[in-house]
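The next block holds one structure in the form of C-alpha cells; read it before the comments.
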Amino acid sequence: MKTARSSTELMNLDVLALSLLCCLLASVVGVLVLGGEAAAQVPVESKPDNQEIWTSLHEQSTKLFVRVQEVERSRDAIVDKLNHSLLERENLVLESRVTEIQAKFELLNKIRTAKSEIARLLKDFEDEEKTNNAALTPEARRILGEYKGPYVLIECVEDAAVVYPGRQRIEMKPSNVQTDQLLHQITNAGFVAFVVRPDGWYDNSFDNLRKVIYEKLDKIEKDTGKYVGRSTFPLTSTDPITNYFPPEAKQ
C-alpha cells in the first residue's frame, strides 16, 4: 500500500511539472504570435529590426528554459525529499517490528524457562509424595495413627537407643552434640515415634531420652509455635524392628 501511494505521489509531481512546462511553451508561442502581430501593425518606418526581435525572443526563450530547468530541479528535490521521508517511515516501521519480535522471543524464552521449572518442581513434588505416601506396614500405622508424613523412629533398648533412619546409636546420657543432631532430625521430620523393648523401660533409655527430647520439643513449640507429633509403643524382645521403619530407612 505504501509503494502504491509513493508511485501516485510521484505521478502527481510529474503531471504538475508537465503542466507547467506546457504553460511555459504556450507562453513562448503566445509571445511569438503576439510579436508577429505587433510587427504587422507597426508602420514600416517604425518597425524594429528583425534581428532585435529575434534577440528579444531568444532572451525570453532562454529565461523560460532556465525557469523550466529550475522547476525540474525543484521537482527532483521534492521527489528526493519525499522518497527519503518514505524510506525513513519504512525504517521506523521495520525497527518497531524488530523490537516487537525481539520482545516476543524474550517472552517465549521466559515461558520455556518457567515451564521447565514447573516441570522440575512437579517431579520433585511427586517424588516427595511417593516417599511420604510409601506403603506403611500395619505395625507402623499403629504407632502413627492418622499421621502420614515422615517421622523419626527411636528404638529404646537397655542403656541405649537406635535412631532410624540412619541407625545412629545413642547412649543413655547423650552428649549435647548428639542431642542437638537428634533434635534437628526430629523437628525436620515433624514426628517422633518411640518403640520400647522390655529392658528399655523405666529408669532406662526410654525415660532418659524422652525427658530430654520432650523438654526441648516443648521449648521449640513455645518459641516458634511448631508442634512435633509424638507416640510411644511397646515391643517384645523378639518383635522385628523392620516392621516399624520409616519408608526412607528401608531404601
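Values quoted throughout were computed directly from the atomic coordinates according to the rules given, and no laboratory measurement underlies them. Just so you know, these numbers come straight off a predicted model, no measurement behind them. As a convention, Cβ positions derive from the backbone with ideal geometry for all residues, glycine included, and neighbour counts pool all protein chains shown.
When the Cα centres of the range 53-123 and the range 158-203 are compared, how far apart do they sit, in Å?
Between the Cα centres of the range 53-123 and the range 158-203 lies a distance of 80 Å.
Can you pull the semi-axes for the range 138-250, root of five times each eigenvalue of the Cα gyration tensor, sorted largest first, whole Å?
Listed largest to smallest, the semi-axes of the range 138-250 are 20, 18, 12 Å.
Kindly provide log₁₀ I(q)/I(0) values, in the same order as q = 0.13, 0.15, 0.16, 0.22 Å⁻¹, from the Debye equation applied to equal alpha-carbon scatterers of the range 64-159.
For the range 64-159, the Cα-only Debye profile gives -0.79, -0.87, -0.90, -1.10.
Cβ neighbours within 10 Å, averaged per peptide: list 50-57, 163-170, 193-200 in order, most packed at the top.
193-200, 163-170, 50-57
Report the extension gain between Asp218 and Ala77 in nm, rounded to one decimal, defined as 0.36 nm multiplied by the number of residues separating them, less their alpha carbon distance.
41.6 nm
If I stretch the segment between Glu59 and Thr238 completely, what's the gain in nm (0.36 nm per residue apart, minus their alpha carbon distance), one decimal?
Extra length available between Glu59 and Thr238 comes to 50.9 nm.
Please compute the modelled spin-label separation between Arg120 and Arg89, points set 7 Å along Cα→Cβ, answer in nm with one decimal.
A separation of 5.0 nm, rounded to one decimal place.
Which of the pairs Lys173/Lys216; Lys123/Lys216; Lys81/Lys104; Lys123/Lys222 have their Cα atoms more than 27 Å apart in this structure?
Lys123/Lys216; Lys81/Lys104; Lys123/Lys222
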